[in-house]
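A quick write-up on the structure given underneath.
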Number of protein chains: 4
Amino acid sequence: MTAPPAPDVVRSAYAQLVVTDLARARWFWADVLGLHVQYEDAHVLCLRGTDELTHHSLVLRTGDRAALDHLAYRVRTPSDVDRAEEFFRARGRPVRRVPAGDGTHGVGDAVRVVDPLGFPVEFFHGIARAERHIQRYDLRHGAEMARLDHFNLCTPDIPAAYVHYTSLGFGCSETIEGDEHELYAAWMYRKQTVHDVAFTGGAGPRLHHVGFATHESPQLLRIADILGSLHKEGHIERGPGRHGVSNACYLYLRDPDGHRVEIYTSDYYTGDPDHETYRWNVHDDRRRDFWGHAVIDSWYKEAVPVLDLDGVPQPITEAVLDESAARVGADGLG
Amino acid sequence: MTAPPAPDVVRSAYAQLVVTDLARARWFWADVLGLHVQYEDAHVLCLRGTDELTHHSLVLRTGDRAALDHLAYRVRTPSDVDRAEEFFRARGRPVRRVPAGDGTHGVGDAVRVVDPLGFPVEFFHGIARAERHIQRYDLRHGAEMARLDHFNLCTPDIPAAYVHYTSLGFGCSETIEGDEHELYAAWMYRKQTVHDVAFTGGAGPRLHHVGFATHESPQLLRIADILGSLHKEGHIERGPGRHGVSNACYLYLRDPDGHRVEIYTSDYYTGDPDHETYRWNVHDDRRRDFWGHAVIDSWYKEAVPVLDLDGVPQPITEAVLDESAARVGADGLG
Amino acid sequence: MTAPPAPDVVRSAYAQLVVTDLARARWFWADVLGLHVQYEDAHVLCLRGTDELTHHSLVLRTGDRAALDHLAYRVRTPSDVDRAEEFFRARGRPVRRVPAGDGTHGVGDAVRVVDPLGFPVEFFHGIARAERHIQRYDLRHGAEMARLDHFNLCTPDIPAAYVHYTSLGFGCSETIEGDEHELYAAWMYRKQTVHDVAFTGGAGPRLHHVGFATHESPQLLRIADILGSLHKEGHIERGPGRHGVSNACYLYLRDPDGHRVEIYTSDYYTGDPDHETYRWNVHDDRRRDFWGHAVIDSWYKEAVPVLDLDGVPQPITEAVLDESAARVGADGLG
Amino acid sequence: MTAPPAPDVVRSAYAQLVVTDLARARWFWADVLGLHVQYEDAHVLCLRGTDELTHHSLVLRTGDRAALDHLAYRVRTPSDVDRAEEFFRARGRPVRRVPAGDGTHGVGDAVRVVDPLGFPVEFFHGIARAERHIQRYDLRHGAEMARLDHFNLCTPDIPAAYVHYTSLGFGCSETIEGDEHELYAAWMYRKQTVHDVAFTGGAGPRLHHVGFATHESPQLLRIADILGSLHKEGHIERGPGRHGVSNACYLYLRDPDGHRVEIYTSDYYTGDPDHETYRWNVHDDRRRDFWGHAVIDSWYKEAVPVLDLDGVPQPITEAVLDESAARVGADGLG
């Protein structure tokens, strides 16, 4: 029997995070970072960037501890939702159908799964439209995030992540590899950018960060300056800097619950059919920071747990490569 | 009998222009604007941007007068080249197969057609790879153009252009329309940006401009400054400015033969399956310049002729809407 | 008898403008442009930029028609106020002493004069301090104007303006000159920038514009984008562009009463004792716009009247060079 | 007997550094950073920035080991050179008159002293003019440094440095102070910027860095990117970042001999007569980096020795506050 075909994934669409204090989270994500509040009630906040024409790219819901509730990918057609269901059922993964109205506000008929890496992932097609803000410069403030760009996931088994996402039809733009081509990290895409999802070696499943794109680099300096002005510089974890991988400029912030967000700009087009993977050696000190700066420890070590379909934290497995890779240093596998 | 299916077009890939003095053209496009010379001989120059991984996105060849030799789209597979041939043969258009080695340097098996709008267009799949310059900041200079973004074509019949490109599977991101929704201009895409091709109403077929993307807006100011320094400010035709349509920043330059190039940055993602067309009213003075500046006359009136498959200039038809649209003003139809 | 010595002028300090609708002016200058409201009552608004440590650099007061109430220069010591009084009395100009509390809010003991060019000018030393906003990025918005940079004055007799300001100890950084070195425009400074005051040939005395400095050029694009978003692009008169003279980037806006403001950035240091005047020929089309763009007519023709010490509009004299300079074109003297 | 008056210092003018390999230094400062080579011979290189109208702001001469040969300040008049001589003779410091032609290429009559802090300092008035490059955007490359901005000196006794430079007529824009207002660092100016010279506590006399101003922040990211491209990221020591003190954006690089250069942009005007000192508490983690990032150890510990008037390295005294300030941490006094 042949495996059922993969759903046609369009792009990474939104992350739903559990936060412990919604007002505090609203301050950070809406007031300071500048995401637009598309919907809110006592327990939920739906947020989107300046260029997003769908209902949200980030959902914050209240809960007892910081966690990833689920990631979501948009698929091309309604029947791709069915295809996603079959795809994960055939792999024996937990699957739950979520009719429109039962799940996340604004999202149509969906399916949620726990994928082979242990992450809670939703696939949906329908989503409410939102008013066009693309040219509402009068509303822009903070980091002026344009759109969700990617998810970054901690997983102890990067090759397994690579295989799973390849089976879902993702291309691979870049990797970090050892001298024997052992895989330390991978950046994978459906839309025509460097990634929709990336994997950082480490204990997992955990969410490392969500990445939002801005149009230009001055926004990265600006939001760092604003946090300094507010004497909230403790929310700045790393950067601004230039990545080796992806060539994008980055700034990593931590929200009041410790969720990490990357403000990200200026990667490159990957839409050609024969786009080749670019491979970084793990000993090239420019791979994580093109300017050669050391990556601070918290960036490698800290990440948030993920929930299963019933909202229970998934068990975390340590990274298997940890010991043998001691000399590697900055990539967190040493 | 059903019409043959359209080829799967990936993106606008390159323009081949006729220039009258290759050394002078090289000065403008390579020395000043900063495109990388991938190949050159006495009659031809193949150029590409910093992020392009294929052989060229602009070809300049010598000839008696400035003209568009042909536009080229990359298609997804080798059999899409065949599909393109069948598609245009079924429409009774001039078609010529160009085997690898007989056509443009670096390009594989291709088909060239004169499309229903009268433009010479090539479809190809195979193209030579080029060394990765994405992170060669040491080589960047001039406008630091990252990649070809789009073609802009003058045609007297915008609705016909819209219909033809729709039949080729292009989506429509934005339009300029009259009060009765008569179509004045349209921006159409295959890759996930605002456009691969746009149509400006006017006598045609003529090439209005080729558009190259940069990463950020400072590059637009920089290349204008460099031209001022060289006392070559006459090459600056319009801008820098912000478009209403596309929301991109723009700068229009004219090369020594009068070919127009747009340096373009910061449009938006259009890859979602239900991406809606955004419609500008022709009376909104922000449509062409979001800051409300008048468009200078030469921008509306001047464009270069296009050649047929034998290198003979195509006859030019005046725009049919000219008279009735006298009140429209800036969009060149008045 | 020797002429009394000139006061030691530190810098251009503030302009007091008459506006016809204070609420509308507040919307433009504070809400949109982002100047900080340091003081306001029913008739007066005192505004300052992000880097200014003194009470205001712009005062708006209500009145029947748009006009310049007065310009103000800060002098080095309290006795320089006396020196200013003597300097202008000796020249037979109208002079009025304004004790602290009787004049503009926040300003100490001052003297007001009508200078030989017909402009109402105040000299003061003492001014109230203001809270430091230099690092309040959280408060920045709009054009993020850092500080008043200069005044630009329309006067029919540029050589007379040059002589007068030279007698006040100003240096001359740049000029526009005819083929016989006849003076068309001059930029003069006390602080170590290109100018505190400049003269544009034309009917006068009239105020051409006040110039505010921003730190970087993205702010110029940003405020233009915001005005476009608000569909208030009619307030954008000219630019963004690069000046030939001063090498600064510029954007000219008009307030609801027609007062012109320049957003200005990145000129150069002029503080060396032997700093030489840089002379532009009036036929160099880069002098007003380094990118060679034509200056629009309103920029040359329109300016606001100035008041005398009793609030009566000063009579306006046409420019004497008008006729003979017809061929000059863009510099408004043709 | 009254002390002789201080010379009227205009600004920090140039630094003369000893480098061990002139070709390697030329690669770094001219080819990569983009300073213009105004003069060179087998032993000396005179360099200047894009906006500098005098002969040089950096002189590199060959020698056995990296050192500061001397700092130089420009004074207002020729007689201020005499005044400088008398000023330091009266203080019993080593003084040597250097007639034009005997000293540094392009510099007129000068006096060199070893100041009370142990630094070799030159005062001069006359200096050769240089061709205006302010608008030669075609020549700009690398970091596009506009002009020398300041010197930063390591000295064990900050209060003594403050007193000495105050006696020379310098103002103090900012300080870092302990809870009892003990002085940890000071920024002092003559020109109307935050500083011409600053003092960093530590063993001294040593040269911490020379600072060059650029017009905007993108240049800081650009030069870091170029160094990454060349796989010379080891020359990047710290930043880009935003200072708390001065509010400027910074990037610290090390040249092939270990000389440190700061690329610096966007501080603020300090020219008003009553400009107040802004005081940072040493425990505010934003003082050195407004984004709260830790300062790397080498930045605090490493600096280059200085020579006396005979070219002999000056003895170095350890900082006296070291032990007691152990808890202070990042400011190098702990």
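Within the stretch D:14-24, is there a residue that is touching a residue at least 24 places away in the same chain (Cβ under 8 Å) and assigned to a loop (DSSP other than H, G, I, E, B)?
Here is the first cut: in the stretch D:14-24, the residues touching a residue at least 24 places away in the same chain (Cβ under 8 Å) are D:14-22, D:24.
From what is left, the residues that are assigned to a loop (DSSP other than H, G, I, E, B) are D:20-21.
The answer is yes, given that some residue of the stretch D:14-24 is touching a residue at least 24 places away in the same chain (Cβ under 8 Å) and assigned to a loop (DSSP other than H, G, I, E, B).
Go over the candidates C:Asp257, C:Asp289 one by one and state the one that is of a type in the set (Asp, Glu) and within 23 Å of B:Leu253 (Cβ to Cβ). Walk me through it before giving the result.
Details: C:Asp257 fails: within 23 Å of B:Leu253 (Cβ to Cβ).
Just a single option satisfies the conditions, and that option is C:Asp289.
Contact list please: Cβ distance under 8 Å, first residue in the stretch C:78-97 and more than 14 Å from C:Thr2 (Cα to Cα) and at pLDDT 95 or above, second residue basic (Lys, Arg) and in a helix (DSSP H, G or I), pairs at least six apart or on different chains.
C:Val95/C:Arg89
Take the stretch D:53-66 and flag every residue that is within 14 Å of chain C (Cβ to nearest Cβ) and in a strand (DSSP E or B).
Scanning the stretch D:53-66 gives a single hit, D:Thr54.
Residues are listed down the side, and each one gets a yes or a no for (1) within 8 Å of another protein chain (Cβ to nearest Cβ); (2) closer than 30 Å to D:Val75 by Cα; (3) surrounded by fewer than 15 Cβ atoms within 10 Å (Cβ to Cβ):
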site: C:Gly234; (1), (2), (3): yes, no, yes
site: C:Thr270; (1), (2), (3): no, yes, no
site: C:His283; (1), (2), (3): no, no, yes
site: C:Tyr300; (1), (2), (3): no, no, no
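Out of (1) within 18 Å of A:Glu216 (Cβ to Cβ); (2) of a type outside the set (Phe, Trp, Tyr); (3) over 15 Å from the mean Cα position of the chain (by Cα); (4) within 12 Å of chain D (Cβ to nearest Cβ), what's the single condition that is false for A:Thr265?
Unmet for A:Thr265, out of (1) within 18 Å of A:Glu216 (Cβ to Cβ); (2) of a type outside the set (Phe, Trp, Tyr); (3) over 15 Å from the mean Cα position of the chain (by Cα); (4) within 12 Å of chain D (Cβ to nearest Cβ): (3).
Among the listed residues B:Thr200, B:Thr155, B:Thr214, identify the single one that is more than 30 Å from B:Ile316 (Cα to Cα) and under 17 Å from the mean Cα position of the chain (by Cα).
Working: B:Thr200 fails: more than 30 Å from B:Ile316 (Cα to Cα); B:Thr155 fails: more than 30 Å from B:Ile316 (Cα to Cα).
B:Thr214 is the lone residue from the list that is more than 30 Å from B:Ile316 (Cα to Cα) and under 17 Å from the mean Cα position of the chain (by Cα).
Test each condition in (1) assigned to a helix (DSSP H, G or I); (2) more than 26 Å from B:Leu227 (Cα to Cα) for D:Asp31 and report the one that comes out false.
(2)
Please give the number of the condition D:Glu131 fails out of (1) within 14 Å of another protein chain (Cβ to nearest Cβ); (2) within 24 Å of D:Val304 (Cβ to Cβ).
Failing condition for D:Glu131: (2).
Let's see how each residue does on (1) in the same structural domain as A:Asp149 (by the TED database); (2) open to solvent by less than 60 Å² (accessible area, probe 1.4 Å); (3) over 15 Å from A:Pro120 (Cα atoms):
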residue: A:Ala15; (1), (2), (3): no, yes, no
residue: A:Gln38; (1), (2), (3): no, yes, yes
residue: A:Gly49; (1), (2), (3): no, yes, yes
residue: A:Arg65; (1), (2), (3): no, no, yes
residue: A:Arg76; (1), (2), (3): no, no, yes
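Being farther than 26 Å from B:His56 by Cβ, more than 10 Å from every other protein chain (Cβ to nearest Cβ) and of a type in the set (Asp, Glu), is that true of even one residue in the stretch B:182-198? Steps first, please.
Quick first cut of the stretch B:182-198, residues farther than 26 Å from B:His56 by Cβ only: B:182-186.
Those still in the list that are more than 10 Å from every other protein chain (Cβ to nearest Cβ) too: B:182-186.
With the extra rule that they be of a type in the set (Asp, Glu), the set shrinks to B:182.
Scanning the stretch B:182-198 turns up at least one residue that is farther than 26 Å from B:His56 by Cβ, more than 10 Å from every other protein chain (Cβ to nearest Cβ) and of a type in the set (Asp, Glu).
Could we say that D:Asp102 is open to solvent by 10 Å² or more (accessible area, probe 1.4 Å), over 15 Å from the mean Cα position of the chain (by Cα) and modelled with pLDDT of 95 or more here? Break it down into steps so the answer makes sense when it comes.
Values: open to solvent by 10 Å² or more (accessible area, probe 1.4 Å): yes; over 15 Å from the mean Cα position of the chain (by Cα): yes; modelled with pLDDT of 95 or more: yes.
It is true that D:Asp102 is open to solvent by 10 Å² or more (accessible area, probe 1.4 Å), over 15 Å from the mean Cα position of the chain (by Cα) and modelled with pLDDT of 95 or more.
Looking at the stretch A:285-298, which of the residues that are in a loop (DSSP other than H, G, I, E, B) and more than 9 Å from every other protein chain (Cβ to nearest Cβ) is surrounded by the most Cβ atoms within 10 Å (Cβ to Cβ)? Give the derivation first.
Our first condition is that a residue be in a loop (DSSP other than H, G, I, E, B); within the stretch A:285-298, this holds for A:285-296.
With more than 9 Å from every other protein chain (Cβ to nearest Cβ) added as a condition, the list becomes A:287-288, A:295.
On the way: A:Arg287: 22, A:Arg288: 26, A:Val295: 18.
If we take residues in the stretch A:285-298 being in a loop (DSSP other than H, G, I, E, B) and more than 9 Å from every other protein chain (Cβ to nearest Cβ), then A:Arg288 is surrounded by the most Cβ atoms within 10 Å (Cβ to Cβ).
Can you tell me which residues in the stretch C:223-244 are more than 23 Å from B:Tyr252 (Cα to Cα), touching a residue at least 24 places away in the same chain (Cβ under 8 Å) and part of a loop (DSSP other than H, G, I, E, B)?
C:Leu230, C:Lys232
Of all the residues that make up the stretch D:18-52, how many are within 14 Å of chain C (Cβ to nearest Cβ) and more than 21 Å from D:Gln219 (Cα to Cα)?
Here is the first cut: in the stretch D:18-52, the ones within 14 Å of chain C (Cβ to nearest Cβ) are D:48-52.
Then drop every residue that is not more than 21 Å from D:Gln219 (Cα to Cα), which leaves none.
Adding up the residues that qualify gives 0.
Quick one: which residue in C:Tyr252, C:Tyr162 is among the aromatic types (Phe, Trp, Tyr), modelled with pLDDT of 95 or more and open to solvent by less than 10 Å² (accessible area, probe 1.4 Å)? Reasoning before the result, please.
Working: C:Tyr162 fails: open to solvent by less than 10 Å² (accessible area, probe 1.4 Å).
None of the other options fit; the residue is C:Tyr252.
Under the condition of being in a helix (DSSP H, G or I) and more than 9 Å from chain A (Cβ to nearest Cβ), which residue from the stretch C:213-222 is least open to solvent (accessible area, probe 1.4 Å)?
Here is the first cut: in the stretch C:213-222, the ones in a helix (DSSP H, G or I) are C:218-222.
Among the residues that remain, those that are also more than 9 Å from chain A (Cβ to nearest Cβ) are: C:219-221.
Values: C:Gln219: 23, C:Leu220: 2, C:Leu221: 24 Å².
Checked the stretch C:213-222; the qualifying residue least open to solvent (accessible area, probe 1.4 Å) is C:Leu220.
Of the residues that sit in the stretch D:245-284 and are among the charged types (D, E, K, R) and part of a loop (DSSP other than H, G, I, E, B), which one is farthest from C:Leu53 (Cα to Cα)?
Filtering the stretch D:245-284 for residues among the charged types (D, E, K, R) gives D:254-255, D:257, D:260, D:262, D:267, D:272, D:274, D:276, D:279, D:284.
Add one more test, that the residue is part of a loop (DSSP other than H, G, I, E, B), and what stays is D:255, D:257, D:267, D:272, D:274, D:276, D:284.
Values: D:Asp255: 38, D:Asp257: 41, D:Asp267: 14, D:Asp272: 9, D:Asp274: 10, D:Glu276: 9, D:Asp284: 22 Å.
Only one residue tops the list, namely D:Asp257.
What number of residues within the stretch C:242-254 are more than 8 Å from every other protein chain (Cβ to nearest Cβ) and over 20 Å from C:Val32 (Cβ atoms)? Reasoning before the result, please.
Within the stretch C:242-254, the subset more than 8 Å from every other protein chain (Cβ to nearest Cβ) is C:243, C:245-246, C:248, C:250-254.
Going one step further and asking which of them are over 20 Å from C:Val32 (Cβ atoms), we end up with C:243, C:245-246, C:248.
Counting residues in the stretch C:242-254 that are more than 8 Å from every other protein chain (Cβ to nearest Cβ) and over 20 Å from C:Val32 (Cβ atoms) gives 4.
Going through C:Arg83, C:Arg97 one at a time, which residue ends up being of a type in the set (Lys, Arg) and either open to solvent by less than 30 Å² (accessible area, probe 1.4 Å) or touching a Phe, Trp or Tyr at 6+ places or on another chain (Cβ under 9 Å) (or both)? Outline the logic, then answer.
Values: C:Arg97 fails: either open to solvent by less than 30 Å² (accessible area, probe 1.4 Å) or touching a Phe, Trp or Tyr at 6+ places or on another chain (Cβ under 9 Å) (or both).
Going through C:Arg83, C:Arg97 in turn, the sole match is C:Arg83.
Cβ-Cβ distance below 6 Å, separation of 6 or more or different chains: which pairs start in the stretch B:249-276 with a residue that is free of Cβ contacts under 8 Å to residues at least 12 places away in the same chain and end on one that is in a loop (DSSP other than H, G, I, E, B) and open to solvent by 10 Å² or more (accessible area, probe 1.4 Å)?
Hits for this filter: B:Pro273/A:Arg76.
Consider D:Val107 carefully, then state whether it is open to solvent by less than 20 Å² (accessible area, probe 1.4 Å), touching a residue at least 12 places away in the same chain (Cβ under 8 Å) and closer than 26 Å to D:Ala160 by Cβ. Break it down stepwise before answering.
On the way: open to solvent by less than 20 Å² (accessible area, probe 1.4 Å): yes; touching a residue at least 12 places away in the same chain (Cβ under 8 Å): yes; closer than 26 Å to D:Ala160 by Cβ: no.
Spelling it out, it is not the case that D:Val107 is open to solvent by less than 20 Å² (accessible area, probe 1.4 Å), touching a residue at least 12 places away in the same chain (Cβ under 8 Å) and closer than 26 Å to D:Ala160 by Cβ.
Please indicate, with yes or no, whether at least one residue in the stretch B:257-270 is of a type in the set (Asp, Glu) and at pLDDT below 95.
First pass over the stretch B:257-270, keeping only residues of a type in the set (Asp, Glu): B:257, B:262, B:267.
Still in the list and also at pLDDT below 95: none.
No, the stretch B:257-270 contains no residue that is of a type in the set (Asp, Glu) and at pLDDT below 95.
Give me the strands (runs of 3 or more DSSP E) completely within the stretch B:85-159, filtered to those with at least 1 residues that are of a type in the set (Lys, Arg), ordered by residue number.
Working: elements: B:95-98, B:110-114, B:120-124, B:147-155.
Those strands (runs of 3 or more DSSP E) span B:95-98, B:110-114, B:147-155.
Among the residues of the stretch D:118-141 satisfying the criterion of being of a type in the set (A, V, I, L, M, F, W, C) and open to solvent by 20 Å² or more (accessible area, probe 1.4 Å), which is nearest to the chain's Cα centre (by Cα)?
So the residue we want is D:Ile127.
Got a sec? Which of C:Phe170, C:Phe199 is more than 30 Å from B:Ala248 (Cα to Cα), open to solvent by less than 10 Å² (accessible area, probe 1.4 Å) and aromatic (Phe, Trp, Tyr)?
Values: C:Phe170 fails: open to solvent by less than 10 Å² (accessible area, probe 1.4 Å).
The conditions single out C:Phe199.
The values are calculated or read from the model by the stated rules, or taken from the named source; none is laboratory data. Since we're looking at a predicted model, the values are computed, not measured. Neighbour counts run over all protein chains shown; Cβ positions are idealised from the backbone, glycine included. Side chains are part of the model used for accessible areas, which takes the heavy atoms of the whole protein and leaves out ligands, DNA and RNA. Shrake-Rupley method; radii C 1.70, N 1.55, O 1.52, S 1.80 Å.
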